[in-house]
Amino acid sequence: MRARYANLARIRALNPEHDYLAIYQTMLRYEFPWDMKLGLNLAFNRSFSIPSIAAVHTATGELTERTQKRIDDTGLLMYEMMLNGFDQPQGREALRRVNQIHRPYDIGNDDYLYVLGCLVVIPTRWLQRYGWRRPCCHERQATYLFYRELGRRMGIHDIPDSYEAFESWFDAHDAAHLKPNDDAAAIERATRMLMLTRIPKPFAPLGNALVSAMYDAPLRRAMRVDAPAWPVRAGLHLGLRARSRFQRWFGAPRTTPLFADGIKTKSYPDGYEISQLGPKEAHVPGRPGA
């Protein structure tokens, strides 16, 4: 058990203000790789569901018509920043590409803040409920600081000044703006495969019901997804809780980090250039050439 908590001991010896990237990388690559990836998938699903954000995505067609490439491009750009930070060449290039992709669109600051809040809050809450251990205060702070820095470098302003403040802002904004809308429903239908890939093969026949059970009630309403039967919801919850306990008592510390052999995607089996990720030319409805 001492070895199981060795990474946590190292994290607690660090200062999140200066070491937030190292802490966040340890969470992703060693402590919670499966849960972090799933939590980030759930975060992106939620961020696409606010009506004003969903409308932009359906207008471009990137998520509904070029779904796999759009998913892969987003994941690669995010993971490049997570693995390299914002000051190393690959991380800087990924951030520059993210800003280039967003620049043509008239996106409000609150929408940017909401997406950022999804990335901060949703994976953390997943870990608090289903991780093999709960994230400690250093890990919550490091998560907040990583995304605060990403937001700052994207030109997002009025970012709340702590994890707790951001969580409160997120909940209030979510309650006020996450409403049923056809655009979110269209995106969910197109991107459901992203969540289905996270279902273990023995449970594949129940895949669609389990994906729906991973969404909370407000998100299902926004996406116009029917609630699965209560035995599916209860079974998923109990199964995930049993998994977390098994990992806590019998799991071994991970020695090979996630993405040790690079980031593999369906769209780029032979590798990729960061500068080529994303749409080749921004499609902005209502502007000349759109």
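The values are calculated or read from the model by the stated rules, or taken from the named source; none is laboratory data. Quantities reported herein were computed from a predicted structural model and do not represent experimental measurements. Backbone-built Cβ (ideal geometry, glycine too); neighbour counts: all protein chains shown. With ligands, DNA and RNA removed, areas are computed over all heavy atoms of the protein, side chains included. Shrake-Rupley method; radii C 1.70, N 1.55, O 1.52, S 1.80 Å.
Among the listed residues Ala13, Ala3, identify the single one that is small (Gly, Ala, Ser), free of Cβ contacts under 8 Å to residues at least 60 places away in the same chain and either out of contact with any Pro (no Cβ under 9 Å at 6 or more places or on another chain) or open to solvent by 30 Å² or more (accessible area, probe 1.4 Å) (or both).
Going through Ala13, Ala3 in turn, the sole match is Ala13.
I want to confirm something. Restricting to region 243-255 and keeping residues that are open to solvent by less than 80 Å² (accessible area, probe 1.4 Å) and part of a helix (DSSP H, G or I), which single residue is farthest from Pro135 (Cα to Cα)?
Residue satisfying both the conditions and the ranking: Arg243.
Among the candidates Leu240, Leu219, which residue alone is assigned to a helix (DSSP H, G or I), modelled with pLDDT of 95 or more and buried (at least 19 other Cβ atoms within 10 Å of the Cβ)?
Leu219
Anything in region 47-78 that is open to solvent by 40 Å² or more (accessible area, probe 1.4 Å) and either out of contact with any helix residue (DSSP H, G or I) (no Cβ under 6 Å at 6 or more places or on another chain) or closer than 20 Å to Leu95 by Cα (or both)? List them, or say none.
Across region 47-78, the qualifying residues are Pro51, Val56, Ala59, Glu65, Arg66, Gln68, Lys69, Arg70.
Identify all residues within region 172-188 that are touching a helix residue (DSSP H, G or I) at 6+ places or on another chain (Cβ under 8 Å) and not in a loop (DSSP other than H, G, I, E, B); write none if there are none.
Selection gives His173, Asp174, Ala175, His177, Asp183, Ala184, Ala185, Ala186, Ile187, Glu188.
Could you go through region 265-282 and let me know if any residue there is exposed (fewer than 12 other Cβ atoms within 10 Å of the Cβ) and either of a type in the set (A, V, I, L, M, F, W, C) or closer than 20 Å to Asp111 by Cβ (or both).
There is no residue in region 265-282 that is exposed (fewer than 12 other Cβ atoms within 10 Å of the Cβ) and either of a type in the set (A, V, I, L, M, F, W, C) or closer than 20 Å to Asp111 by Cβ (or both).
Restricting attention to region 76-105, report how many residues are in a helix (DSSP H, G or I) and among the small types (Gly, Ala, Ser).
Residues flagged as in a helix (DSSP H, G or I) and among the small types (Gly, Ala, Ser) within region 76-105 amount to 2.
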